[in-house]
Amino acid sequence: MKLQRKLQQLLKSLIQPLMAVLIGLLTGAVAISLVGASVLETYKVMWDGAFGNFYFVTATLARATPIILIGLGLAIAFRAGVFNMGAEGQMVLGAVSAALAALYVPGSGIIKILAALLAGFLAGGLWSLLAGWMETRFKVQLLISTLLLNYVAVLFAGYLVSRPFQDKSGSAALAQTHMIDQVAWLPKLFQGMSVHMGFVIAIVLAVTLYIILRFTSAGYEVRMLGYNPFFAEYGGINKIKVLLFSMFFSGGIAGLAGTVEVLGSQYRYVEGSLTVPGYAWTGLMAALLANSNPLGTAVAAILLAALQTGAMGMERNTEVPLEIASVIQGVLILFVTAKITMNWWKVKKKAGDIHGAA
Amino acid sequence: MTSMELLDLSFFTSAIRMISPILLAALGGALCTRVGIFNVGLEGLILAGAFSAIVGNYFSGSVLVAVLVGALGSVLASLLFGLAAIRFKANPIVAGIAINFLVLGLTTFGLRAIFNVKGAFYDKNMEGLPKLDIPVIEGIPVVGNLLSGHSPLVYIAFLAAIVLYIFFYRTVTGFRVLAVGKNEAAARSLGLKVTLLQYGAIVACGILCGLAGAQLSLGQVTMFTEGMTAGRGFIALVAMMLGQSHPIGIVGSSLLFGLMDALSIRLQGFSMPTQFTAMLPYIITIFAMFFLKDRGADSQLSGQQSSR
Amino acid sequence: MTYVLEMKDMSKKYGDFLANDRISIHLKKGEVLAIVGENGAGKTTLMRMLYGLEQPTSGEIVLNGKTVKFSGPLDAIESGIGMVHQHFMLFSDFSVTENIVIGHEPKRNGFFNRKAAAEKVKELSEHYKINVNPLKKAGDCSIGEQQRIEILKVLFQGADIIILDEPTAVLTPLEVEELLKTIQFLAEQGKSIILITHKLPEVMKVADQITVLRNGKVTGNVLKQQTDVEQLATMMVGRELQKLTDRIQLDGDPLLVVENLTIGGKDAKPILDQLSLTVHRGEIVGIAGVSGNGQSELIQAIAGLRKIDSGNVRLGDSSFSGKTVAYRRNAGLAHIPEDRYLWGAAKEASVEETGLMGYYRKRNFNQSSFIKLNAFRKLVRGWIDRFEIKTPSLDEKSGNLSGGNLQKLIVARELGFETDFLIAAEPTRGVDIGAMEYIHEAIIEKRNNGDGILLVSSELSEILTLSDRIAVMYEGKIVDILDRNEATEERLSVLMAGGNENEASTKTTTTA
């Protein structure tokens, strides 16, 4: 009986995101037919591009890895009721810190990896905490400060790899660090495939976060703060402490996103490698799509990654450009966030009127 | 490596030219902020304008029509934003981000669908914006070359700032727009047409961003490149915040950013780290936020409000 | 008899709740009509309909003999009705002049003519003897000045009928005198005034006609000469007493000690004015008073949700000065909040999650940070049985519960802490009779166990049923404390409305 209820509730919460996905795909279909291609064939190619064979599946999962992590970081922030727009900067700082740690921390491979993970997490976390501190202490709005700090972070990382830590070994002057030693690489999960240990870390983190949010007192405090800060304060929750912790972990996980890309995929920090693919924006969408549920965010992230790899497949094999993914994503997110009014509106109105009288 | 070589006339001229799209978009953003809606979709709106302008130019052969089509394209995108944020009460931040994505995809798509090219579209037969030589001013030594010879949209940008100033502080409608942004509930209780004013501001923002986009794609080299806004929409947003959504303040902040931008490019030639000058506008804005009141975004949008 | 305004049989229903039940009022030109009643009596709803902010479920508004329908405030304004809201609708960054003329700005060549505006405001201000500084920013003005801006605003809009909603709630005594003089002057100038208030002494000073509302209905309509504060208070408050429950005589030690608590008062009227109060163990102290006289702030100050300017609060041996909410709750404080949706729950959280607040930290429900949900669910199910809380499941969103059921959940939760001290603010607001009696029983039981309870309620009958001692709050002060056997509704309602008990009867025997 209870299971049935739980299933019903789960389905209810999926209606709007599913509808949004449908409308997104429909819009994509319109765009495809405008270019003169066949909708069904094109979508089949898209599916193949994302999941067609084992190689593509792992490629999708590899792409999803940083997106999942960013999405998780943002999910924490959103759950606490804060709009952390600084995931990109936190990710980049995490990446460059991890690369430098892996390059210059002495010791065995394991030491280097652990140092890199720690450095990446701390870099992202502290950068995010900075914005949190400015908000609680000086009332500088987080939304704005995180947005601005993004630029500072990305530019600073760019500076680090074009001057002091640049890899000057090749003939071309590229803005990147040296390649990290092979002992410090995160192993690939399957031979010859691009998906690496970072994906496992991401999934483990997703499950861990889900458990923490749902079953621990810390998770309870974060969620209640997000639902109603007055209720949280009334019940004895220390709002400032919870907010700062949430910001720290949110940024730290975003930092991990950059870290695992460096350790498992690129093996160095390359300027632009994390910003150009738009991981941060996609991660944001994943969190929004899943309403900040950690498990849902991971699923949504994989779906969006599939959209993007599938679009790349489209680009290779059809006349349709890969930017169709952007179109679908844009429409999707628009419909997720719009409060489409249907029957639910009447119920809401009724509840609102009862205590809106006299 | 003297300062003369660094800051010669062409430096300032290019700075002014580069400022104009930022200035226009920032003014548009200010209109939205003043009416109570924080618009992060400026990037998408400018891009829509840039693309539409090229399309208009190609099919009509007239630069004037091109600019108008550019404005139209951006207005359509901004109406979509307005619909989502006002009618459907979507979170404006998320809606703005969605618009950015949507326009990026659609314009690249459009390149393929309409012109059958990838990456960029260039047609040597298309005419760009003319360079206006202003009769008396161009004769003035030194300053003359600085002030004269720009595309008409550059002059319109500065004119728009003045017009917006007069609009906000001298007209009745502008006064009411400010009122809506300051206290929407009070405005409604007075019977002011709040929704109309909000849509009006958004459409005006669309027009300004459309002009900004037209300047980008028609102002220097007549061509459209995928994603050619390259973050200018966000820089415009920051310029708006630093300028406190005040037209004259925005001229100041835009000039500052434009100068920093041009300086970075110059410094590249002297092999100095450009990233730090590029960072300055943002750091300055952050410091300004410590002292300024909530001009960047309404207090109801920030901090404790998530999109959930 | 031509009335300038008539509202005939006005009714307003919100879902199942009848806020206004066939209310009729009438107003002559140049007359001051006071509409009095407690919170929730229906005064504000009635005025919102008159001002076009709500649509009546049934009834008719007749203006100067013609029936009218208002689809929004603009219609009402254009028909000459102006409203000075209880919570000011001002733009703090704009000047006084701009605030007054907005919506009807004087123009010159299409531009806003601020100079002409300032002149007109000056004229208006001199004509009606309402003093303002036209150039000052509204945000820099005192509360009294801000109210004058609001009044000039409606006069500028051409109002002939002016509604004032609880205008003296935030004014100092001096400012109140000024306002009453202004009201009289406006009436002499031919304006018709509707004054919504619960402050009866002021009503007796300035009103010509008085209509009393209670529970959405008219309970009395009199002329000033025919009545007095006592009679009005009785009509406002009614007589519904619940049957008493047994209480044990306990002479407990002081438990909660509040000393000289003060909030505000530098430039504006103090919200709490050197308030002192003691609640003993085994005692229920009830605070009687109409909402808005400082009760909310007192509770928040004790609970740790609001900063105080001076004074201190002690619970047993623990001083609360500068201590957090968590500290106070640990020291033995539980709190049923007066606004269940704002403080007491989170609408999006499930019933279980709302109930969990405070328990999630406790040792018996928490093991190395993990919440023992199963154990807790047993507890919540117990509450649901005992209090008959209607909810489809524990996972139902709290916002979907009816107000009464959510209240029962919150009461169960706070009683469940079994603390020494409980703040119960409007504990049975919106709750059905059966549950109300159950909650009252539970509170008496807690008292009999030797715990101390501070009860705040705007329902006089509830105060009288439960309290051992009753303190009446008016304008941030405790004006008197009565023992339960000396308190009567009449005495209390007079004190609540700001009168003092020595007010002589002045009613005549002629009827309206």
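Among the residues in the range C:370-390, are any in contact with a Phe, Trp or Tyr (Cβ under 9 Å, 6 or more places away or on another chain), within 19 Å of C:PHE417 (Cα to Cα) and within 8 Å of chain A (Cβ to nearest Cβ)?
Yes, the range C:370-390 contains a residue that is in contact with a Phe, Trp or Tyr (Cβ under 9 Å, 6 or more places away or on another chain), within 19 Å of C:PHE417 (Cα to Cα) and within 8 Å of chain A (Cβ to nearest Cβ).
For the range C:100-115, check the following and say yes or no: at least one residue is more than 14 Å from chain B (Cβ to nearest Cβ), farther than 22 Å from C:ILE196 by Cβ and surrounded by 20 or more Cβ atoms within 10 Å (Cβ to Cβ). Before the answer, list the steps.
The first filter runs over the range C:100-115 and keeps only residues more than 14 Å from chain B (Cβ to nearest Cβ), leaving none.
For the range C:100-115, residues more than 14 Å from chain B (Cβ to nearest Cβ), farther than 22 Å from C:ILE196 by Cβ and surrounded by 20 or more Cβ atoms within 10 Å (Cβ to Cβ): absent.
This table checks each residue for (1) assigned to a loop (DSSP other than H, G, I, E, B); (2) away from every other protein chain (no Cβ under 14 Å); (3) in contact (Cβ under 8 Å) with a residue 24 or more places away in the chain.
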{"residue": "B:GLY206", "(1), (2), (3)": "no, yes, yes"}
{"residue": "B:LEU216", "(1), (2), (3)": "no, yes, yes"}
{"residue": "B:VAL221", "(1), (2), (3)": "yes, yes, yes"}
{"residue": "B:PHE224", "(1), (2), (3)": "no, no, yes"}
{"residue": "B:GLY227", "(1), (2), (3)": "yes, no, yes"}
{"residue": "B:LEU237", "(1), (2), (3)": "no, no, yes"}
{"residue": "B:LEU256", "(1), (2), (3)": "no, yes, yes"}
{"residue": "B:MET260", "(1), (2), (3)": "no, no, no"}
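Quick one: which of C:ILE433, C:ILE389, C:ILE423 is in the same structural domain as C:ALA349 (by TED's automatic domain parsing), touching a residue at least 60 places away in the same chain (Cβ under 8 Å) and among the aliphatic types (A, V, I, L, M)? Walk me through how you get there before you give the answer.
Values: C:ILE433 fails: touching a residue at least 60 places away in the same chain (Cβ under 8 Å); C:ILE389 fails: touching a residue at least 60 places away in the same chain (Cβ under 8 Å).
So the residue among C:ILE433, C:ILE389, C:ILE423 that is in the same structural domain as C:ALA349 (by TED's automatic domain parsing), touching a residue at least 60 places away in the same chain (Cβ under 8 Å) and among the aliphatic types (A, V, I, L, M) is C:ILE423.
Being away from chain C (no Cβ under 14 Å), more than 28 Å from C:ASP339 (Cα to Cα) and surrounded by 22 or more Cβ atoms within 10 Å (Cβ to Cβ) is the requirement here; does A:GLY283 meet it? Before you say what the answer is, go through the steps one by one.
Working: away from chain C (no Cβ under 14 Å): yes; more than 28 Å from C:ASP339 (Cα to Cα): yes; surrounded by 22 or more Cβ atoms within 10 Å (Cβ to Cβ): yes.
Yes; evaluated as a whole, the condition is true for this residue.
Being modelled with pLDDT of 75 or more and either surrounded by 12 or more Cβ atoms within 10 Å (Cβ to Cβ) or β-branched (Val, Ile, Thr) (or both) narrows it down to one of B:VAL143, B:VAL154, so name that one. Show your work before the answer.
On the way: B:VAL143 fails: modelled with pLDDT of 75 or more.
B:VAL154 is the lone residue from the list that is modelled with pLDDT of 75 or more and either surrounded by 12 or more Cβ atoms within 10 Å (Cβ to Cβ) or β-branched (Val, Ile, Thr) (or both).
Which condition does A:SER194 not pass, out of (1) out of contact with any helix residue (DSSP H, G or I) (no Cβ under 6 Å at 6 or more places or on another chain); (2) of a type in the set (S, T, N, Q); (3) part of a loop (DSSP other than H, G, I, E, B), if it passes all the others?
Of everything listed in (1) out of contact with any helix residue (DSSP H, G or I) (no Cβ under 6 Å at 6 or more places or on another chain); (2) of a type in the set (S, T, N, Q); (3) part of a loop (DSSP other than H, G, I, E, B), A:SER194 misses just condition (1).
Where in the range C:321-403 are the helices (runs of 4 or more DSSP H), entirely inside, with at least 3 residues that are farther than 26 Å from C:SER457 by Cβ, touching a His at 6+ places or on another chain (Cβ under 9 Å) and hydrophobic (A, V, I, L, M, F, W, C)? Talk me through it step by step, then tell me what you get.
Numbers: elements: C:325-330, C:351-356, C:373-387.
It comes to none.
Being under 16 Å from the mean Cα position of the chain (by Cα) and within 10 Å of B:ILE202 (Cα to Cα) narrows it down to one of B:LEU24, B:LEU47, B:LEU31, B:LEU42, so name that one. Steps first, please.
Numbers: B:LEU24 fails: within 10 Å of B:ILE202 (Cα to Cα); B:LEU47 fails: within 10 Å of B:ILE202 (Cα to Cα); B:LEU42 fails: within 10 Å of B:ILE202 (Cα to Cα).
B:LEU31 is the lone residue from the list that is under 16 Å from the mean Cα position of the chain (by Cα) and within 10 Å of B:ILE202 (Cα to Cα).
Considering the range A:160-188 alone, what residues qualify as being assigned to a loop (DSSP other than H, G, I, E, B) and in contact with a strand residue (DSSP E or B) (Cβ under 6 Å, 6 or more places away or on another chain)? If you could, list the steps in order and put the result at the bottom.
At the first step, the residues of the range A:160-188 found to be assigned to a loop (DSSP other than H, G, I, E, B) are A:163-175, A:177-181, A:185-187.
Across the range A:160-188, the qualifying residues are A:ASP167, A:LEU186.
So in the range C:1-34, with the set limited to residues that are basic (Lys, Arg) and within 14 Å of chain A (Cβ to nearest Cβ), which one is farthest from C:GLY65 (Cα to Cα)? Please lay out each step first, then the result.
Looking only at the range C:1-34, we keep the residues that are basic (Lys, Arg), and these are C:8, C:12-13, C:22, C:28-29.
In the following step, the residues that additionally are within 14 Å of chain A (Cβ to nearest Cβ) were identified as C:12-13.
Values: C:LYS12: 23, C:LYS13: 26 Å.
Residue satisfying both the conditions and the ranking: C:LYS13.
For the range C:302-328, name all the residues that are within 14 Å of chain A (Cβ to nearest Cβ) and at negative phi. Give the derivation first.
If we filter the range C:302-328 for residues that are within 14 Å of chain A (Cβ to nearest Cβ), which is where we start, we get C:302-307, C:320, C:323-328.
Scanning the range C:302-328 gives C:ILE302, C:ALA303, C:LEU305, C:ARG306, C:LYS307, C:PHE320, C:LYS323, C:THR324, C:VAL325, C:ALA326, C:TYR327, C:ARG328.
Select from the range C:353-369 the residues that are under 32 Å from the mean Cα position of the chain (by Cα), more than 7 Å from chain A (Cβ to nearest Cβ) and either more than 21 Å from C:THR419 (Cβ to Cβ) or not polar (S, T, N, Q) (or both) and list them in ascending order. Walk me through how you get there before you give the answer.
Going residue by residue through the range C:353-369, those that are under 32 Å from the mean Cα position of the chain (by Cα) are C:353-359.
After this cut, where a residue has to be more than 7 Å from chain A (Cβ to nearest Cβ) as well, the list is C:353-355, C:359.
Within the range C:353-369, C:GLU353, C:GLY355, C:TYR359 meet the criteria.
Take the conditions out of contact with any strand residue (DSSP E or B) (no Cβ under 8 Å at 6 or more places or on another chain), among the acidic types (Asp, Glu), without any contact (Cβ under 8 Å) to a residue 40 or more places away in the chain and farther than 20 Å from B:ALA230 by Cα and apply them to B:GLU127. Does it pass?
Values: out of contact with any strand residue (DSSP E or B) (no Cβ under 8 Å at 6 or more places or on another chain): yes; among the acidic types (Asp, Glu): yes; without any contact (Cβ under 8 Å) to a residue 40 or more places away in the chain: no; farther than 20 Å from B:ALA230 by Cα: yes.
So B:GLU127 does not fit the description; no.
Of the residues A:TYR234, A:TYR210, which single one is at pLDDT 95 or above, within 14 Å of chain C (Cβ to nearest Cβ) and buried (at least 24 other Cβ atoms within 10 Å of the Cβ)? First the steps, then the outcome.
Numbers: A:TYR210 fails: buried (at least 24 other Cβ atoms within 10 Å of the Cβ).
Matching residue, one of A:TYR234, A:TYR210: A:TYR234.
Report yes if A:TYR267 is at positive phi and among the aromatic types (Phe, Trp, Tyr), otherwise no.
Taking the combined requirement at face value, the residue satisfies it.
With the condition kept exactly as written, say whether any residue in the range B:134-149 is assigned to a helix (DSSP H, G or I), away from chain A (no Cβ under 14 Å), without any contact (Cβ under 8 Å) to a residue 24 or more places away in the chain and in contact with a strand residue (DSSP E or B) (Cβ under 7 Å, 6 or more places away or on another chain). It would help to see each step written out before you state the result.
In the first step, residues of the range B:134-149 are kept if they are assigned to a helix (DSSP H, G or I); the result is B:137-139, B:143-147.
In the following step, the residues that additionally are away from chain A (no Cβ under 14 Å) were identified as B:137-139, B:143-147.
Keeping just the survivors that are without any contact (Cβ under 8 Å) to a residue 24 or more places away in the chain gives B:137-139, B:143-144, B:147.
Now restrict to residues that are in contact with a strand residue (DSSP E or B) (Cβ under 7 Å, 6 or more places away or on another chain): none.
No, the range B:134-149 has no match at all.
Just a yes or no: is a residue in the range A:72-80 farther than 25 Å from A:ILE211 by Cα and crowded, with 24+ Cβ neighbours inside 10 Å?
First, the residues of the range A:72-80 that are farther than 25 Å from A:ILE211 by Cα: none.
The answer is no; no qualifying residue exists.
Name every residue in the range C:37-70 that is modelled with pLDDT of 90 or more and β-branched (Val, Ile, Thr), in order of residue number.
C:THR57, C:ILE61, C:VAL62, C:THR67, C:VAL68
Which of the helices (runs of 4 or more DSSP H) contained wholly in the range A:1-118 include at least 3 residues that are in contact (Cβ under 8 Å) with a residue 12 or more places away in the chain and within 30 Å of C:SER350 (Cα to Cα)?
Working: elements: A:2-35, A:39-51, A:54-79, A:87-104.
So the answer is A:2-35, A:54-79.
Quick one: B:CYS205 ticks every box in (1) over 23 Å from the mean Cα position of the chain (by Cα); (2) under 30 Å from B:PHE121 (Cα atoms); (3) surrounded by 19 or more Cβ atoms within 10 Å (Cβ to Cβ) bar one, so which box is it?
B:CYS205 satisfies all of (1) over 23 Å from the mean Cα position of the chain (by Cα); (2) under 30 Å from B:PHE121 (Cα atoms); (3) surrounded by 19 or more Cβ atoms within 10 Å (Cβ to Cβ) except (1).
Would you mind telling me which numbered condition in (1) of a type in the set (S, T, N, Q); (2) under 28 Å from C:ARG306 (Cα atoms); (3) within 9 Å of chain A (Cβ to nearest Cβ) C:GLN407 fails?
So the condition that C:GLN407 fails would be (3).
For C:VAL96, state whether it is in contact (Cβ under 8 Å) with a residue 12 or more places away in the chain, away from chain B (no Cβ under 14 Å), in contact with a helix residue (DSSP H, G or I) (Cβ under 7 Å, 6 or more places away or on another chain) and not charged (D, E, K, R).
For C:VAL96, the condition - in contact (Cβ under 8 Å) with a residue 12 or more places away in the chain, away from chain B (no Cβ under 14 Å), in contact with a helix residue (DSSP H, G or I) (Cβ under 7 Å, 6 or more places away or on another chain) and not charged (D, E, K, R) - is met.
Can you tell which of B:PHE175, B:PHE168, B:PHE121 is crowded, with 18+ Cβ neighbours inside 10 Å, among the aromatic types (Phe, Trp, Tyr) and either free of Cβ contacts under 8 Å to residues at least 24 places away in the same chain or part of a loop (DSSP other than H, G, I, E, B) (or both)?
Values: B:PHE168 fails: either free of Cβ contacts under 8 Å to residues at least 24 places away in the same chain or part of a loop (DSSP other than H, G, I, E, B) (or both); B:PHE121 fails: either free of Cβ contacts under 8 Å to residues at least 24 places away in the same chain or part of a loop (DSSP other than H, G, I, E, B) (or both).
Of the residues listed, the single one that is crowded, with 18+ Cβ neighbours inside 10 Å, among the aromatic types (Phe, Trp, Tyr) and either free of Cβ contacts under 8 Å to residues at least 24 places away in the same chain or part of a loop (DSSP other than H, G, I, E, B) (or both) is B:PHE175.
When you check B:GLY96 against the structure, is it farther than 21 Å from B:ALA201 by Cβ, within 14 Å of chain A (Cβ to nearest Cβ), assigned to a helix (DSSP H, G or I) and not basic (Lys, Arg), yes or no?
Numbers: farther than 21 Å from B:ALA201 by Cβ: no; within 14 Å of chain A (Cβ to nearest Cβ): yes; assigned to a helix (DSSP H, G or I): yes; not basic (Lys, Arg): yes.
Considered against the rule, which asks whether it is farther than 21 Å from B:ALA201 by Cβ, within 14 Å of chain A (Cβ to nearest Cβ), assigned to a helix (DSSP H, G or I) and not basic (Lys, Arg), B:GLY96 comes out as no.
What number of residues within the range B:184-202 are surrounded by 19 or more Cβ atoms within 10 Å (Cβ to Cβ) and outside any helix (DSSP H, G or I)?
Total satisfying the criteria: 2.
The values are calculated or read from the model by the stated rules, or taken from the named source; none is laboratory data. Predicted model, so just to flag it, every value in this text is computed and none were measured. FYI the Cβ positions are ideal-geometry reconstructions off the backbone, even for glycines, and counts take in every protein chain you see.
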